[in-house]
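Okay, structure first, notes after.
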Amino acid sequence: MAIFKGRVRVRYGYSRWGYTRNNGKGWHGGSDEEGLDSTTIRMPDYKGKSISGRVVTARKVDRSTGSKTWEWGWYVCVELDAGQTPDAVNYLYFCHNARNLVSVGQRVKSGDALAVMGNTGNAALASPPFAHCHFEVRATAAGAGLDPTAYTGHPNAVGTYGEAIDETEDSDMKFLEVTSGKCEVFTAPDVNAVDKHYNGGKLTEGVCYPVQAEVGSSGGYSWVRIFVAGVQRYAVVLADRCRLVTLSPGDAFAACVAQGGGETAELEKQLEAANARAQEADRRLADIKAYVAEV
């Protein structure tokens, strides 16, 4: 899959000269991917093959440091697991994010949510500024950008690619999957606000809690607002304790029922809609097969 669900528009491709920086003399080492139907940036595949890796950077570098990395704004870097692809690429960069949804050390695979599209860093200096993801691939962390088309899934050319999706956002639901009994629950995005009234302040290992919103970073931590037994609470996304995952409507419904949440009515509607879309797709496929058989 590409880094966005649905359509993506490219205004500035890879290896382009005359970009907005440096009076038109800058070399563009990535591809500017603009999600038209979704703002969720996802881990791509390699020519249709699922790939995996580890988040090695999820941060924003202040311009005052003098590092050119400030131009990326909030960004995520994923180091690919070895031996998955035949090319020289080892690092994937997702830049200009409005906020990051992953933490350093977190394991990710194709389709996982990484960040929300934005225009932080030098993207705000474009004329006009527009939200997008500067997607760059490298052999080494300090190396130059390489051709990213095996990961974008489209040619290196200005244009719009992919097919529109029905919803303006992803239909899959986001959950916080608890992987350790040390995962704490809070009444506010504050590490001092541990909610001792729920299970002694700990989330239950092995349970997926519905995510209402990605609150963003505060105090050096990435926060999400979740539903715990139907009540709104907060959690810190830490790689050694929990992770953000997306579930299909059916799996989401089962997860909410398992943890006793109060979100099942809305999930039932989403499940019904998803089943209806699947049935319509099956009907269209059957019609096509019938037509081909007649011809």
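The values are calculated or read from the model by the stated rules, or taken from the named source; none is laboratory data. None of these values were measured; they are calculated from a predicted model. Quick reminder, even Gly has a Cβ in these numbers, built from the backbone with ideal geometry, and neighbours come from all protein chains shown. Accessible surface is based on the protein model in full, side chains and every heavy atom, while ligands, DNA and RNA are left aside. Shrake-Rupley method; radii C 1.70, N 1.55, O 1.52, S 1.80 Å.
Structure notes:
- Flag for Gly153 being at positive phi and touching a strand residue (DSSP E or B) at 6+ places or on another chain (Cβ under 6 Å): no
- Within region 74-121, the residues that satisfy the criterion of being among the acidic types (Asp, Glu) and closer than 16 Å to Gly145 by Cβ are Glu79, Asp87.
- Residues in region 119-154 that are in a loop (DSSP other than H, G, I, E, B), over 18 Å from the mean Cα position of the chain (by Cα), farther than 20 Å from Ser67 by Cβ and of a type outside the set (Phe, Trp, Tyr): Ala126, Ser127, Pro128, Pro129, Ala139, Asp147, His154.
- Here region 116-133 is the region considered, the condition is being open to solvent by less than 10 Å² (accessible area, probe 1.4 Å) and modelled with pLDDT of 85 or more, and the residue that is nearest to Asp37 (Cα to Cα) is His132.
- Of all residues in region 58-115 being of a type in the set (S, T, N, Q) and assigned to a loop (DSSP other than H, G, I, E, B), the one that is surrounded by the most Cβ atoms within 10 Å (Cβ to Cβ): Gln106
- Checklist (1) part of a loop (DSSP other than H, G, I, E, B); (2) within 18 Å of Arg243 (Cβ to Cβ); (3) open to solvent by 10 Å² or more (accessible area, probe 1.4 Å) applied to Arg54, failing item: (1)
- Condition broken by Phe94, with the remaining ones in (1) under 24 Å from Ser222 (Cβ atoms); (2) in contact with a Gly (Cβ under 6 Å, 6 or more places away or on another chain) satisfied: (2)
- Some residue of region 148-168 being open to solvent by 50 Å² or more (accessible area, probe 1.4 Å), acidic (Asp, Glu) and closer than 21 Å to Arg99 by Cβ: yes
- Tallying residues that are at pLDDT 90 or above and in a loop (DSSP other than H, G, I, E, B) within region 11-47 yields 4.
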